[in-house]
Amino acid sequence: MGRALDSPRHEALRALLVERRTKAGLRQVDLAKRLKRRQDYISYVETGQKVVDVVEYLEWAEAIGFDPAQAMRKLRKTPK
């Protein structure tokens, strides 16, 4: 099974991460500092140029302040 970066679930994940970041009042550069990453890393994830793995997902959740399990349950409802 390939990793389609434009699958509905990837799109939903990216939208969720952007929504949670903006809801927390964070700019990309703010989140990057919290994650000890460069701002372009945040941009690559949010624009679909990079796939987020499970560890990165958990780090984003901790840095932004949302429950990763609750968000994952919402994402599971997204069609494949």
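The values are calculated or read from the model by the stated rules, or taken from the named source; none is laboratory data. Please read these numbers as outputs of a predicted model, since none were measured by experiment. Surface accessibility is based on the protein's heavy atoms, side chains included, excluding ligands, DNA and RNA. Shrake-Rupley method; radii C 1.70, N 1.55, O 1.52, S 1.80 Å.
Quick notes on this structure:
- For the chain, the number of Lys pairs with C-alpha atoms closer than 28 Å, counting only pairs eight or more positions apart or on separate chains, is 13.
- With the largest listed first and rounded to whole Å, the semi-axes of the equivalent ellipsoid of the chain from the Cα gyration tensor are 20, 15, 11.
- Carbon + sulfur, % of accessible area of the chain - ligands and nucleic acids excluded, 1.4 Å: 53
- Helical content alone sets the calculated 222 nm signal of the chain at -19500 deg cm²/dmol, taking -39,500 (n - 2.57) per DSSP H segment of four or more residues and averaging over every residue.
- Estimated Rh, region 34-80: Kirkwood, alpha-carbon pairs, angstrom: 11.7
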